[in-house]
Every structure is written in structure tokens, then in C-alpha cells.
Amino acid sequence: MAVTSLKTTESYVRDRQAVIELTQKLVRIDSVYREGDPDPNGNEQQVANFVAQYLRDIGIETHVEEVMPGRPNVIGIIDSGKPGKTLLFEGHTDVVTEGNREAWTYDPFSAEIIDGRMYGRGTNDTKGNLACMITACQSLLLDQEEFTGKIILCIPCDEEGMMLGIKHFIKNGWADDVDGAIICEPEENNVCIAQRGAIRLKVDIFGKMAHGAISWSGINPNWRMARFIVELEKLEKEEQARLGRDPMLHWPSITPTILRAPVKGDAQINVIPDHCMTTLDIRTVPAQDHDELLGKIDTIIKRLQADDPDFKVELTVLDNRPATATAKEDPVVQAIYEAVAKVTGKEPKYNGVPGATDGTFLHVHGVPIVTVGAGDRDIPHQIDEYVDIEELAETTAIYRLAALNFLAGDAQ
């Protein structure tokens, strides 16, 4: 870190210890969304309760709003009392499943520190960065830093699912007057100004159940699904050739993920199923129009149906999240860029987010976003997830300085 004053040095050491301890406390609370969990403190409830009390204890105005049973949002408000802009920090409380615990070197909810790394589910994505943004704001209050306007801490549930938390936050008006948002996700402190969009589709193809030895008496949906998937692969290659490689987001993609037949009941090797289902995880770049892309998929279906009267298909759009891009000149981007440069002593790297984040919906709402945070970009959702301790300290300092940069006395 490039230290510029004694006060900065003292604050850095204090904040480093605080962010380590807070990250450990957050990671040790299991906040995996487990559907149907009867525990009233299951899912995000317990960690949200902890965060809300932590914010109150450090003097931040705090609101808790239930999105779904056991799944609340926490909102913190720091108002300078002076007119100015509003900056939003966003970091979610949910984490993905730990999977097979026996495959972990360390317990996924122990937050053990080994050789300068903290291990555990959420250390990287994104409880470490949630701790950074809270600690950065606590640091501003402890040092009685002067700024104008307002800081909002948006701490939603369900980022890893359908992003119900951020949608609820926006619907309730919390984002209406926000001038810029810092999305706190693991990006190796790259300044990420673009992110890929996502379309999630469910495709059901219907046939007629029959004996495998008497195939002419049935209608096999698997053949039809195979032809459809082959056509999607051709479409993916056409889109990649048309658009080229995005300098920050790489390639647009169409990925079949779940493939199931039969959809209900037991599978048997000598039985033609009556129903085949697949899901598609489509990732887009800003140059793609989602409606146009969906139209191309519909054209494929119509062409296959024209060649095969037994091709019966239902297409369901499960989610539709546009790609985003924020100009380098935007004030929130510049606030982060300057903070990264000063704290690290290095020229910041512009980059893009390979997946969607809660920032997607803030962008749609008209809020300029930039994504930056501690953690290796390739580690989220992996076994033995970890974050480097020094990167947590560095990110806390970056968030702290970025807030001061953005809210530096330019009253509106």
C-alpha cells in the first residue's frame, strides 16, 4: 500500500484487523439458501440479523426488510447532513452451497487463516468484500472524515439465485436517488466497467412414451432435443463470428446445462421417454440485443417444426439480465480508479465481469455502476474458496478513499 500520512497508516492497521475479524464472523454464519429449510434462522436470516446489529452498534441508521420468509435485505444509511450526491455500496449475504464438505481441506464455515489466506465459503464471494465495505464506512465514522451527501449500504439476499433482494430494494425506492454504485465482488481490485448479460431458458420437448424396441410406436423427444442443441451450437458460433471477442468480456456464449429425460419418473434403458428438458445459460455482451437473440432461437424452433410435425416444444424465459457498460469518464468509475491507483501505487486495470451481478438491475434502473473487490476472479464457487488477507485490507482502503473521492464537497 502507498501510505501518504500517519493518520492513513494508523487507519490502515486498525481497519486491517477489523476487516479480518468481521470477515471471519460473517463466513462462520452459514447463509447458503437451502430451499424448504424449516430453521427460522436458516438461509440469510441469521447473517442478516448479525449485520443489522453490527451496523447499529457502529452508529449507522439501519433498516431490515423481509424479501421472502427467512430472507431479508439490510440497508444502512450514513447521511452527512450536507447536500450532495448519493453513493451506494452493494454486497450480498447469501453464498452458494459448499457441496461435499469432505472434499474441503478446511471446514467451509470455519474461516481458518493459513499462510496469509482465509479459507471458507464466502471468503471470496462475497462476504470478504461485504466486510470491506462495512469496515470502510466504519473507518470514515471513526476518523470523522468530512464529506457531502449520503452513503447507502445495500446488503441484499439472493444474489446467487434470481436476485430477488436487489429487485426488492429497487422496487421499494431505495435506489431512486443514487448517483453511483460500487458493486463489491471478487475482481482482484480490477476496475470492472462492463459485465456480461444473462438469459436463462428452460426448453421442454414433448414426445410419446414407448418401448425402445418398438420405436415406431412412440415419438422420441431426445432426437428432437439433440437437433435443437446442434442448431444452438451453430448459432453460438455465428454470434461469436459476427461480434468477435469483446476486449473485457471475451465471447458471447450459449451453454446447455441441465439435460433430463424423462423429466418425471424413473429412467429405463428400454423405454422412450415422453418428455425431455434442458436449460440454457446464455451469456451476452453489450453489442447483443436480447430480443433479437431470442428471435433467432425462435426462428430455429420454427424451422425444426416445419421439417418435423412431431416437434412439440415449449420455451420458458426464466431470467433476462442485460449486459452492462459504464463509461470510464463516469464519476463513480473515476472515484474508484483514483482510489485503486493511490492505495496500490500501481496503474489500475480496467476489466469486465464475466457473469451478472446485482449491479445489473441497478444499471437497468439508471444507476452507473462499477464492480471492484478483493479475491481471485477464478475462485468463486470452488471448493477451498479463499481470499488473501492483505487484499482484504487493500480493498477496505480502496472503498474508503473512493467514497471520499465521490463525495468530495461538490454539493448539488
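The values are calculated or read from the model by the stated rules, or taken from the named source; none is laboratory data. Keep in mind that what you see is a predicted model, and the values were worked out from it rather than measured. Methodologically, a virtual Cβ is constructed for each residue, glycine included, from the backbone with ideal geometry; neighbour enumeration extends over all protein chains shown. Protein only, heavy atoms only, side chains kept; ligands, DNA and RNA dropped before computing areas. Shrake-Rupley method; radii C 1.70, N 1.55, O 1.52, S 1.80 Å.
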Residues in the range 106-113: is at least one within 23 Å of Asp15 (Cβ to Cβ) and either in a loop (DSSP other than H, G, I, E, B) or in contact with a Phe, Trp or Tyr (Cβ under 6 Å, 6 or more places away or on another chain) (or both)?
-> yes
Farther than 19 Å from Ile182 by Cβ, part of a loop (DSSP other than H, G, I, E, B) and of a type in the set (Ser, Thr, Tyr): does that describe Thr123?
-> yes
Kindly provide the set of residues from the range 29-45 that are touching a Pro at 6+ places or on another chain (Cβ under 9 Å) and of a type in the set (S, T, N, Q), ordered by number.
-> Asn43, Gln45
Within the range 91-116, the residues that are open to solvent by 10 Å² or more (accessible area, probe 1.4 Å) and either closer than 20 Å to Ile134 by Cα or β-branched (Val, Ile, Thr) (or both) are Val96, Thr97, Thr105, Ile113, Ile114
Quick one: how many residues across the range 245-263 are assigned to a strand (DSSP E or B) and either closer than 12 Å to Pro354 by Cα or of a type in the set (D, E, K, R) (or both)?
-> 4
Need at least 1 residues that are under 21 Å from Thr278 (Cα atoms), out of contact with any Gly (no Cβ under 6 Å at 6 or more places or on another chain) and free of Cβ contacts under 8 Å to residues at least 24 places away in the same chain per element, so show me which helices (runs of 4 or more DSSP H) inside the range 289-400 make the cut, counting only ones lying wholly within it.
-> 290-307
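Restricting attention to the range 252-277, and to residues there that are in contact (Cβ under 8 Å) with a residue 12 or more places away in the chain and open to solvent by 100 Å² or more (accessible area, probe 1.4 Å), which single residue is farthest from Gly197 (Cα to Cα)?
Going through the range 252-277, the residues in contact (Cβ under 8 Å) with a residue 12 or more places away in the chain turn out to be 252-263, 269-277.
Restricting the remaining residues to those that are open to solvent by 100 Å² or more (accessible area, probe 1.4 Å) gives 259-260, 269.
On the way: Leu259: 22, Arg260: 25, Ile269: 39 Å.
Out of the qualifying residues, it is Ile269.
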So Ala131 clears everything in (1) part of a loop (DSSP other than H, G, I, E, B); (2) within 15 Å of Val27 (Cβ to Cβ) except one condition, right? Which one?
-> (1)
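Looking only at the range 145-173, count how many residues are surrounded by 20 or more Cβ atoms within 10 Å (Cβ to Cβ) and assigned to a loop (DSSP other than H, G, I, E, B).
Within the range 145-173, the subset surrounded by 20 or more Cβ atoms within 10 Å (Cβ to Cβ) is 147, 149-159, 163, 165-166, 168-170.
Still in the list and also assigned to a loop (DSSP other than H, G, I, E, B): 147, 149, 156-159, 163.
Summing the residues that are surrounded by 20 or more Cβ atoms within 10 Å (Cβ to Cβ) and assigned to a loop (DSSP other than H, G, I, E, B) in the range 145-173 gives 7.
Here are some residues: Lys208, Lys237. Which one is of a type in the set (Lys, Arg), open to solvent by 40 Å² or more (accessible area, probe 1.4 Å), in contact (Cβ under 8 Å) with a residue 24 or more places away in the chain and out of contact with any Leu (no Cβ under 7 Å at 6 or more places or on another chain)? Before you say what the answer is, go through the steps one by one.
Working: Lys237 fails: in contact (Cβ under 8 Å) with a residue 24 or more places away in the chain.
The unique qualifying residue is Lys208.
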Test: residue in the range 221-229 that is over 19 Å from Pro322 (Cα atoms), assigned to a loop (DSSP other than H, G, I, E, B) and small (Gly, Ala, Ser) | no
Selection count, the range 27-51, where residues are out of contact with any Asp or Glu (no Cβ under 6 Å at 6 or more places or on another chain), open to solvent by less than 10 Å² (accessible area, probe 1.4 Å) and under 20 Å from Met163 (Cβ atoms) | 5
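Which of the residues belonging to the range 99-150 are among the basic types (Lys, Arg) and touching a residue at least 60 places away in the same chain (Cβ under 8 Å)?
The initial filter retains those residues of the range 99-150 that are among the basic types (Lys, Arg), namely 101, 117, 121, 127, 150.
The answer is Arg117, Arg121, Lys127, Lys150.
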Evaluation of Asp79 against (1) open to solvent by less than 40 Å² (accessible area, probe 1.4 Å); (2) touching a residue at least 60 places away in the same chain (Cβ under 8 Å) (one fails), failing number | (1)
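Say whether the condition of being in a loop (DSSP other than H, G, I, E, B), at pLDDT 95 or above and of a type in the set (A, V, I, L, M, F, W, C) is met by at least one residue in the range 79-93. Break it down into steps so the answer makes sense when it comes.
So the first thing to find is which residues in the range 79-93 are in a loop (DSSP other than H, G, I, E, B), and the list is 80-85, 91-93.
Right, trim to at pLDDT 95 or above and you get 80-85, 91-93.
Imposing the further condition that a residue be of a type in the set (A, V, I, L, M, F, W, C) reduces the set to none.
No: the range 79-93 contains no residue that is in a loop (DSSP other than H, G, I, E, B), at pLDDT 95 or above and of a type in the set (A, V, I, L, M, F, W, C).
Here is a list: Thr148, Thr126, Thr135, Thr105. Which entry is among the polar types (S, T, N, Q) and within 17 Å of Asn73 (Cα to Cα)? Break it down stepwise before answering.
Values: Thr148 fails: within 17 Å of Asn73 (Cα to Cα); Thr135 fails: within 17 Å of Asn73 (Cα to Cα); Thr105 fails: within 17 Å of Asn73 (Cα to Cα).
Only one candidate qualifies: Thr126.
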Which pairs have Cβ atoms under 7 Å, sit 6 or more apart or on different chains, and link a residue in the range 1-16 that is part of a loop (DSSP other than H, G, I, E, B) to one that is open to solvent by less than 90 Å² (accessible area, probe 1.4 Å) and modelled with pLDDT under 90?
-> Val3/Thr9
In the range 188-205, is there at least one residue being modelled with pLDDT of 95 or more and in a helix (DSSP H, G or I)?
-> no
Just for the range 356-412: of the residues that are β-branched (Val, Ile, Thr) and under 26 Å from Phe147 (Cα atoms), which one is nearest to the chain's Cα centre (by Cα)?
-> Thr371
